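The structure appears right after this line, and notes come after that.
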Amino acid sequence: MNPFSSGTRLRDMIRAIRACKTAAEERAVVRKECAAIRSAISESDQGYRHRNIAKLMFIHMLGYPTHFGQMECLKLIASAGFPEKRIGYLGLMLLLDERQEVLMLVTNSLKQDLNHSNQYIVGLALCALGNICSTEMARDLAPEVERLLLSRDPNIKKKAALCSIRIIRKVPDLAENFLSLAATLLKEKHHGVLISGVQLCTDLCKVSEDASNYLRKNCTEGLVRILKDVSSSPYSPEFDIAGITDPFLHIRVLRLMRMCGQGDSDTSEYINDILAQVASKTELNKNAGNAILYECVETIMGIEATSGLRVLAINILGRFLSNRDNNIRYVALNMLIKAVAVDSQAVQRHRTTILECVKDSDASIRKRALELVYLLVNDINVKPLTKELIDYLEVVDHDFKGDLTAKICSIVEKFSQEKKWYIDQMFKVLSLAGNYVKDNVWHALIVVISNAPDLQGYSVRSLYKAFYTSPEQVSLVRVTVWCIGEYGEMLVNNIGVLEVEEPMTVTESDAVDVLEARLISHSSDTATRSMSLIALLKLSSRFPPTSGRVKEIITVHKGSFVLELQQRAIEFNSIIQRHQNIKSSLVERMPVLDESTVIVKRAGPSQASISTEKSNQQPPSGTSLKLPNGVAKPAAAPLVDLLDLSSDDTPVSAPTSNDFLHDLLGIDLTNSSSGIAPASGTDILMDLLSIGTPPVQSNTSPEISSDKGLSLITKPASNSVHVVDLLDGLTSNGYLPEVHIPVYSSITAFQSSTLKITFSFTKQPDKPQVTQILATFINLSFDAYTDFVFQAAVPKFVKLHLDPASSNHLPSNGNGAVTQTVTVTNGQHGQKSLAMRIRIAYKVNNQEKLELGQINNFPPGL
Amino acid sequence: MIHFVILLSRQGKVRLTKWYSPYQQKERATVIRELSGLILSRGPKLCNFVEWKGYKVVYRRYASLYFCMCIDQDDNELEILEIIHHFVEILDRYFGSVCELDLIFNFHKAYYILDEILIAGELQESSKKTVARLIAAQDTMVETAKEEAGSISNMISQAM
């Protein structure tokens, strides 16, 4: 054997690698060594295999690929000598994992080694098997392991027991084979065997119900005896840790007791005493003792314990909580979260300590404590708790602020009994952490404010004050802007002052100042600015003297680069300039928003998530939908989710209740919301109004269009005679509907996946009641339609005349269209709008097809 | 069960890894990277438990080495701290005041010791004396085998 042939010794290689200053140097050294090892492998050099594998393992730990060494491991395992086997098995466990197919080749060697006469070699094999065997290997070698469980050598026994654990984890069906063997292990005296045996029993219980019953019946007595012996045994230097004999055994036996006592009151009763003994005797000051107590408490909580024992357990946890060691406190908080479910009263006693933990410097403890506090909140303690939490919100770190805010908001929502308290808390949270507050939370706040008319004045004044202290909190700004817009006159005229308020004078121009500042400020984003624009418009109507100034402010933004702002500015400007008479009705106080949605949220968090999901599908607030005729609509504001309308269902084509249109036209404005324009036939709105709930703002217009393909109408009527600019579109949260240029544009009367019908209108000036509709039919499918027949039905006050269609053959894919003129005479023109039911029959592929529809989106004024 | 054991130096170098759950080579590298970042950045006063991907990772720093063990949610963290200490004490007795360098140059021996303490992610032996005795016996076997091999080769080379 040439001592120089195989290169460096392991130690020298390690030294060389550690001496490398750069990664490139290290790579070079490693490459050289790998090359040497590879050539040694290919030459089947027996002599230095041992050393080569050791080197390879080190290289593997550095992160380099070493798969070429896997076969070498196998060869080493197959050799006769102990040192080779030892390093071979180690290499196997390090370089391979159970998913490699090479592993299968070891099965035979393993089998032979499991039957070896040398106990240490058997031990090596059991260890390797227990650490990385695959399912097939487990199945193959299970009989060997079973046999070894009966060996006389405790070293073999304990390794076999742990190896069996892996086997039954991989192949749960084999569990029954090990059952009786495991039970006999519990009678041993050797600690190592006991520990492994108890662990094997625990895993058997986890895997199989039968095993659990068997062990419960036969082994509980034995377990109690073991625990008694070990806890009362005299000092033994071999097993002593911090004054306790073999805490590991304590803990494992306690765990197995838990598995046996779970759900079984007899067993639980039987182990009651020993648990109480361990719980009271064990000392608290060392980690080993604490570990045992922790396991004890877990067991008490897990079985059907007596209440006395439970109280004992929770007291231990209380002592843990006041321990200065972070680990202990963390563990205690964890356990208390589970204990709350079992005995909430007892945990409440420790509330103050838990609150202290919320302010701890350790992030894990803070998180746990906050969760626990959340579970402890009830109607009685909610006010002081919330106060504490909000106080803490002022000083908390940024990474924790989000969590804390979310928890406070949900506590306040769930448990608030009076609106004023709720509003107060929310204002505080908004001013401290507005940036972390989620959208649906401040929307809910707005809903509540709108539902509490006596508190509106108070709200707007508090917000105004808060605004000056924390202008950088985005949500606070938005809520303030909205409230100032809506309740501006309450702010200025000090309406509805509550006793607790200090007197405050705010002039109209102050209010406008605030809004202007928001508009101009660089830190405001588009949504805030949009809201400010609307609020300004509202103020210009509520405070007429400021109208001129507002107009100036708005004019500035007509050239804004942001489309949304520009559009709003132009529209609002035109409202102020040209539509003075309807301006006030436009920006009337918003109707009370439906609070049921907020209450719905209280009842079930799942609902809230459903609604937020819906909002995610809708375009984000601030963007507009472009309609075919180029007029944009305000997008669905997030408030829609709150409304949680029957928009689960597709909008139902409600009966054309013309009373609805009456309202919208401004005859009865107290009911209608500012801005629900007579969007003739937007189904959602009609649903709402026909239900009779307070007219809710709905911005589900985009939803409609996606649901049914009915495009949204944007035709305010006016011709030269009627000056009423009927504002179309739906608003929410103060978004104003656009003002449309009066024109009769065509509508998409009906759209399905296979057919589209558009109506375009002409009127003769001297006959306002008569409208001529040119209906265009387009075939959207791939097949041509024949025998196309269009029929229509109208309400009684309308007369209908159908001219013959241009043809009754409709080519496919919109390659041609069929037109038909329909003349309608509206007997109640000016009072009621048109509506029509249509029926289309055609033949496609020699099959008769029928499509029915209802057209509600006629422009008003026809 | 313990899913894996990782020993990390202060600079993030891996000194020992043992995997008791199936992790592929690439996954192992990712895990090590993530945990290194997570654990090495924690301050000294914080608690020794980190929540990671639904598991708990218990770690303790001994001199320049971090001993990390990953366990299930329902395992006893305080016990794992004891197991880590158990391991360290045995290493200490074996190497005589163990330091990181010992573990670097004799990593294979560290692995042998770990294999006498844990199998299949569970504790095997609570007695330090027994573990030491077993390791010593196996080391003796290796020594004896080496001597025999040495003497045979001597005989052969002398004969040639």
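The values are calculated or read from the model by the stated rules, or taken from the named source; none is laboratory data. Predicted, not measured: the structure shown is a model, and the values here were computed from it. Here Cβ is always computed from backbone atoms with ideal geometry, including for glycine, and neighbour counts include all displayed protein chains.
Yes or no, residue by residue, for (1) touching a helix residue (DSSP H, G or I) at 6+ places or on another chain (Cβ under 8 Å); (2) more than 30 Å from residue A:154 (Cα to Cα); (3) not β-branched (Val, Ile, Thr):
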{"site": "A:47", "(1), (2), (3)": "no, yes, yes"}
{"site": "A:72", "(1), (2), (3)": "yes, yes, yes"}
{"site": "A:84", "(1), (2), (3)": "yes, no, yes"}
{"site": "A:97", "(1), (2), (3)": "yes, no, yes"}
{"site": "A:121", "(1), (2), (3)": "yes, no, no"}
{"site": "A:132", "(1), (2), (3)": "yes, no, no"}
{"site": "A:135", "(1), (2), (3)": "yes, no, no"}
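Set side by side, the residues A:361, A:344 differ, and just one is closer than 21 Å to residue A:316 by Cα and surrounded by fewer than 17 Cβ atoms within 10 Å (Cβ to Cβ), which is A:344. Take the conditions (1) at pLDDT below 85; (2) under 31 Å from the mean Cα position of the chain (by Cα); residue A:336 misses just one of them, which is (1). Considering A:316, A:292, the condition of being farther than 25 Å from residue A:358 by Cβ and touching a residue at least 24 places away in the same chain (Cβ under 8 Å) is satisfied by A:292 alone.
Checked against (1) buried (at least 16 other Cβ atoms within 10 Å of the Cβ); (2) within 14 Å of chain B (Cβ to nearest Cβ); (3) more than 42 Å from the chain's Cα centre (by Cα), residue A:243 passes all but a single condition, namely (1). Here the helices (runs of 4 or more DSSP H) wholly within the stretch A:40-148 that include at least 3 residues being within 12 Å of another protein chain (Cβ to nearest Cβ) and at pLDDT 85 or above are A:49-62, A:82-95, A:119-132, A:135-148. Considering the stretch A:221-234, the residues that are part of a helix (DSSP H, G or I) and of a type in the set (Gly, Ala, Ser) include one that is nearest to residue A:180 (Cα to Cα), namely A:222. Among the residues of the stretch B:86-126, those identified as of a type in the set (Ser, Thr, Tyr), more than 16 Å from residue B:17 (Cβ to Cβ) and crowded, with 19+ Cβ neighbours inside 10 Å are B:94, B:126. Among the residues of the stretch B:18-51, those identified as more than 11 Å from every other protein chain (Cβ to nearest Cβ) and in contact (Cβ under 8 Å) with a residue 12 or more places away in the chain are B:31, B:34, B:35, B:36, B:38, B:39, B:40.
Only a single item in (1) out of contact with any Asp or Glu (no Cβ under 6 Å at 6 or more places or on another chain); (2) under 26 Å from residue A:203 (Cβ atoms); (3) not in a strand (DSSP E or B) is not met by residue B:22, and it is number (1). Of all residues in the stretch B:112-160, those being in contact with a Gly (Cβ under 6 Å, 6 or more places away or on another chain) and of a type in the set (A, V, I, L, M) number 3. Tallying residues that are small (Gly, Ala, Ser) and buried (at least 19 other Cβ atoms within 10 Å of the Cβ) within the stretch A:559-586 yields 1. Screening residue A:293 on (1) touching a Ser or Thr at 6+ places or on another chain (Cβ under 6 Å); (2) away from chain B (no Cβ under 11 Å) shows it passes everything except condition (2).
Taken as a whole, the structure places residue A:185 among residues that are closer than 24 Å to residue B:79 by Cα and among the hydrophobic types (A, V, I, L, M, F, W, C). Kindly indicate whether any position in the stretch A:771-786 is more than 16 Å from residue A:843 (Cα to Cα) and not in a strand (DSSP E or B). The answer is no; no qualifying residue exists.
Is it the case, given these coordinates, that residue A:458 is out of contact with any Leu (no Cβ under 9 Å at 6 or more places or on another chain) and either under 25 Å from residue A:534 (Cα atoms) or surrounded by fewer than 20 Cβ atoms within 10 Å (Cβ to Cβ) (or both)? Reasoning before the result, please.
On the way: out of contact with any Leu (no Cβ under 9 Å at 6 or more places or on another chain): no; either under 25 Å from residue A:534 (Cα atoms) or surrounded by fewer than 20 Cβ atoms within 10 Å (Cβ to Cβ) (or both): yes.
In short, no.
Cβ-Cβ distances below 9 Å connect the following pairs, each with a first residue in the stretch A:235-246 that is within 16 Å of residue B:88 (Cα to Cα) and part of a loop (DSSP other than H, G, I, E, B), a second residue that is of a type in the set (Asp, Glu) and at pLDDT below 85, and a separation of six or more residues or different chains: A:242/A:283. Screening the stretch A:315-338 for residues that are of a type outside the set (S, T, N, Q), surrounded by fewer than 23 Cβ atoms within 10 Å (Cβ to Cβ) and away from chain B (no Cβ under 14 Å) and picking the one that is farthest from residue A:282 (Cα to Cα) gives A:318.
Any residue in the stretch B:132-152 that is surrounded by 14 or more Cβ atoms within 10 Å (Cβ to Cβ) and over 24 Å from residue A:153 (Cβ atoms)? Within the stretch B:132-152, one or more residues are surrounded by 14 or more Cβ atoms within 10 Å (Cβ to Cβ) and over 24 Å from residue A:153 (Cβ atoms). When A:568, A:518, A:542, A:602 are checked against the criterion of being touching a helix residue (DSSP H, G or I) at 6+ places or on another chain (Cβ under 7 Å), closer than 27 Å to residue A:463 by Cα and at pLDDT 80 or above, A:568 stands alone in meeting it.
Does the stretch B:54-71 contain at least one residue that is facing another protein chain (nearest Cβ under 10 Å) and either among the hydroxyl-bearing types (Ser, Thr, Tyr) or touching a Ser or Thr at 6+ places or on another chain (Cβ under 7 Å) (or both)? Within the stretch B:54-71, not a single residue is facing another protein chain (nearest Cβ under 10 Å) and either among the hydroxyl-bearing types (Ser, Thr, Tyr) or touching a Ser or Thr at 6+ places or on another chain (Cβ under 7 Å) (or both). The helices (runs of 4 or more DSSP H) falling completely within the stretch B:38-144 that include 2 or more residues that are closer than 23 Å to residue A:360 by Cβ and not β-branched (Val, Ile, Thr) map to B:77-95.
Among the numbered conditions (1) more than 14 Å from every other protein chain (Cβ to nearest Cβ); (2) of a type in the set (Ser, Thr, Tyr); (3) touching a helix residue (DSSP H, G or I) at 6+ places or on another chain (Cβ under 6 Å), tell me where residue A:280 comes up short. Against the list (1) more than 14 Å from every other protein chain (Cβ to nearest Cβ); (2) of a type in the set (Ser, Thr, Tyr); (3) touching a helix residue (DSSP H, G or I) at 6+ places or on another chain (Cβ under 6 Å), residue A:280 comes up short only on (3).
Looking at this structure, is residue A:556 over 38 Å from the mean Cα position of the chain (by Cα), in a helix (DSSP H, G or I) and modelled with pLDDT of 75 or more? Taking the combined requirement at face value, the residue satisfies it. Just name the residue that is farthest from residue A:134 (Cα to Cα) out of those in the stretch B:7-17 that are more than 8 Å from every other protein chain (Cβ to nearest Cβ) and touching a residue at least 12 places away in the same chain (Cβ under 8 Å). Among residues in the stretch B:7-17 that are more than 8 Å from every other protein chain (Cβ to nearest Cβ) and touching a residue at least 12 places away in the same chain (Cβ under 8 Å), the one farthest from residue A:134 (Cα to Cα) is B:10. Whether any residue in the stretch B:71-84 is closer than 27 Å to residue A:55 by Cβ and in contact with a helix residue (DSSP H, G or I) (Cβ under 9 Å, 6 or more places away or on another chain) is what I want to check. No - not one qualifying residue is present in the stretch B:71-84.
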